[in-house]
Every structure is written in C-alpha cells, then in structure tokens.
Amino acid sequence: MNQDSGSADSRQGPRLQHFQAPQGDLAILAGSGNPVFAQKIANGLGVRLTPCQAQVFSEGNVFVRILENVRGRDTFIVQGVHHPVNDNFVELLFWIDALKRASAQQITAVIPYFSYAKGDKKDEPRVSIRARVCADAIEAAGADRVLTMDLHSPQIQGFFSVPVDHLYARTVICDHIKTIGIDNLVVCSPDAGFAKSAAAYANLLGVPVVIGNKTRPDHSEQAEILEVIGQVDGRNVLMVDDFTTTGGSLCSMADVLKQRGAKDIFAAVSHGVLSKGASDRIKNSLIAKLFMTDTIESPVEPLCDRIEVISVAPLFAQAIRSIHDRTSVSMLFPDEKQV
C-alpha cells in the first residue's frame with residue numbers, strides 16, 4: 001500500500017513544500033536603550049518585536065535573554081550607545097552574543113547613536129582610540145553587520161571589517177525644515193571639521209553655507225567660537241552639527257551670529273545628547289528652535305519648548321527592509337552627495 005501511495009504521489013507531481021527565504025525570517029529586538037525607537041521601527045516594518053528581557057541585578061550585573069526561537073532568522077538588535085554609555089554598550093555585546101548562541105542566521109547591530117565614535121583618533125599622547133576598541137568588541141561578540149546613523153567621522157566605518165550601513169539624518173531634517181518655509185536661509189557649520197556635512201545640508205536645502213571657527217582648549221566640553229567665515233548679515237541661519245551635549249557650542253555660535261547681523265537663528269543636530277542643564281541653556285539662548293532626532297531616548301531632564309524632535313525611525317525601518325531584502329541601502333539617499 002505504501003508503494004501504491006508513492007506511485008500516486010509521483011503521478012500527481014512533487015509535493016509543495018514551504019521554503020524559508022535564504023536570509024531567514026525577520027526578527028527585530030529592542031534593547032533597554034531604545035525600546036520606543038525599536039517599536040517605531042517594528043511598526044514601520046509591519047512586524048511585532050521579538051520578545052526579550054534585559055535585567056540589571058543589584059550589584060550592577062546585566063542579564064539578557066531572548067524569549068522565543070530565533071534559529072535561522074535575520075535578526076536586528078536595536079540598542080544605542082548613549083547614557084549610561086558603558087551599560088548600554090555592554091548590554092549590546094551581550095545581546096549579540098545571545099543571538100549568536102541562539103543560532104541566528106545573521107546578526108545586525110542597530111546602533112542609532114554610537115557615542116564612542118568621538119574617540120576616533122590618537123590626537124594626544126598615550127590615549128586610547130576608543131571607537132576602534134568598541135568596533136573590535138562588537139565584531140568579537142559576533143555581529144555580522146552594523147547599521148548606525150551619523151558617526152562623528154564617517155571613516156569610523158573602516159574600523160569594522162564587517163559591513164557598516166551609515167544613515168544620514170539630514171535628509172529627514174531637511175525635509176522637515178522645508179515644510180516650515182524659512183526664507184533667506186543660510187546653513188552654518190560650527191567648525192571646519194563639519195563643513196563638508198554642512199555643505200550637504202545646504203545642497204539639500206538649496207542655500208549657501210558659512211563656516212565657524214571653533215577651538216576646544218581642553219576636555220571641559222566647552223568650545224570657544226572665534227569667527228564666522230561667510231556672510232550672515234540680514235539672513236536667517238541654520239546651525240548644523242552631528243550632536244550636542246551641553247549646548248554650549250551652539251549657544252556661543254548663536255551669540256556670534258547675532259553680533260554679525262543674523263536674524264532668526266535655528267539649529268539642527270542628528271543626536272541630542274543634552275546633558276544636565278543643556279535644555280535650560282537652549283531655552284535661554286538666542287536659538288529660536290533646535291531640531292533633533294529621536295535616536296536617543298530618556299533625556300536626562302525634560303526638553304524645553306524650543307526643542308523639536310523629528311523621528312528617523314521610518315528611515316531605519318526602510319534601511320532594515322533593504323538589508324533584509326538584499327537591496328541597496330544607498331538608494332534611500334538619491335539626492336545625497338555621499339560624505
């Protein structure tokens with residue numbers, strides 16, 4: 001009877017089978033650093049978050065656990081490296097290790113803000129290149145690729161031997177600013193180091209760019225603004241930078257711009273780190289509005305009404321979809337000149 005059944009099956013053709021996509025089913029996990037951001041990404045992709053648990057014991061020991069099977073799946077762990085920086089970074093490493101030991105097919109570390117990217121060079125004697133140490137640790141833990149946004153220096157991608165997809169917040173920020181309709185606008189870089197990125201902002205907005213001359217004499221997080229190169233008299237100004245911690249540089253630059261005859265002064269940063277006192281500093285400054293993204297959750301203190309948050313979660317969702325479907329992430333920036 002078994003032989004007859006087999007003959008009948010062969011006459012009817014091969015049985016239909018369910019084949020899993022080569023890259024495995026999509027799984028989005030939220031670390032404790034970005035739970036709201038991760039949920040926005042999952043909503044944008046039309047998937048649920050993969051249940052997982054992170055716990056800190058009384059002595060400070062971190063424990064992570066994935067609460068469902070991820071074997072053979074294309075996994076993305078969303079965990080930013082922001083305050084508390086070391087706790088969030090170590091937790092990221094543990095998530096990567098947990099996914100590796102759970103036999104995930106591919107592990108992508110989604111790092112909305114990579115704080116240690118500031119440590120990108122040996123510019124003083126006997127200092128650590130912290131970004132490189134972190135890159136090595138992420139790879140050693142088992143990450144197959146990294147997805148992040150606006151590294152302090154784009155060349156940090158070269159610290160990794162795994163693929164790095166580098167997103168730009170300025171496309172989303174500029175789209176928002178265009179809806180406001182600020183006339184007679186000029187973009188201002190706070191220093192020469194950010195001039196190339198500021199030029200990309202200006203290109204997207206179709207406006208001129210000017211450059212500030214800023215120095216940092218020490219590690220006090222306070223910069224000294226020396227001069228502005230370019231014409232701002234009678235114009236509205238948009239200051240741009242990759243992040244702000246104390247808000248001091250932006251506020252000092254606003255003072256100089258106003259002295260040079262600028263009208264309304266705005267600011268835009270990819271990452272609003274905003275340490276204690278920064279929100280009040282912005283509130284009491286000449287900055288009419290500070291635009292920043294939602295890459296960092298749980299601010300140290302409430303944001304003042306001059307700070308407006310723009311979500312880049314939809315952009316991350318598009319990038320994750322492109323990575324999962326094996327399509328080009330760079331196609332998300334058709335009007336960008338890569339910097």
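Every number here is computed from the coordinates shown, using simple stated rules; none is lab data. The shown structure was predicted, so the numbers you read here are calculated from the model rather than taken from an experiment. Note: ideal-geometry Cβ built from the backbone for every residue, glycine included; neighbour counts use all protein chains shown.
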Only four residue types carry charge here, +1 at the Cβ of Lys and Arg and -1 at the Cβ of Asp and Glu. Report the dipole size of the chain about the Cα centre in Debye, rounded to the nearest 20. 300 debye
What's the Kirkwood radius of the stretch 170-310 in Å, using all Cα pairs? 14.8 Å
Relative contact order %, the stretch 170-310, counting alpha carbon pairs below 8 Å whose residues are six or more apart: 20 percent
Highest GNM mean-square fluctuation among 47, 187, 237, for the chain with Cα springs under 10 Å, belongs to 47
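Percent of Cα-Cα pairs more than 25 Å apart in the chain, please.
Cα-Cα pairs of the chain separated by over 25 Å account for 56 percent.
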Please get the size of the charge dipole for the stretch 170-310, origin at its Cα centre, with Cβ charges of +1 on Lys and Arg and -1 on Asp and Glu, quoted in debye to the nearest 20. 300 debye
Which order results if 62, 273, 110 are arranged by neighbouring Cβ count within 10 Å, fewest first? 62, 273, 110
Calculated SAXS-style log₁₀ I(q)/I(0) at q = 0.13, 0.23, 0.26 Å⁻¹ - the stretch 74-135, Debye, Cα scatterers: -0.40, -0.93, -1.06
What list do you get for 63, 37 if you sort them by fewest beta carbons within 10 Å? 63, 37
GNM, the chain, Cα, under 10 Å: largest mean-square fluctuation among 297, 308, 59? 59
Given the DSSP H assignment, sum -39500 (n - 2.57) over each helix run of at least 4 residues in the chain and divide by its residue total; what's the result at 222 nm in deg cm²/dmol, nearest 500? -9500 deg cm²/dmol
The chain: relative contact order in percent, alpha carbon pairs under 8 Å with at least 6 residues between: 13 percent
Calculate how many DSSP beta bridges within the chain are antiparallel, expressed in % of all such bridges and rounded to the nearest 5. 20 percent
Test of understanding: in a Gaussian network model of the chain with alpha carbons linked when under 10 Å, which of 32, 153, 128 would top the mean-square fluctuation ranking? 128
Straight-line reach from residue 178: which lysines have a Cα under 19 Å away, not including same-chain ones fewer than 8 places off? 263, 289, 337
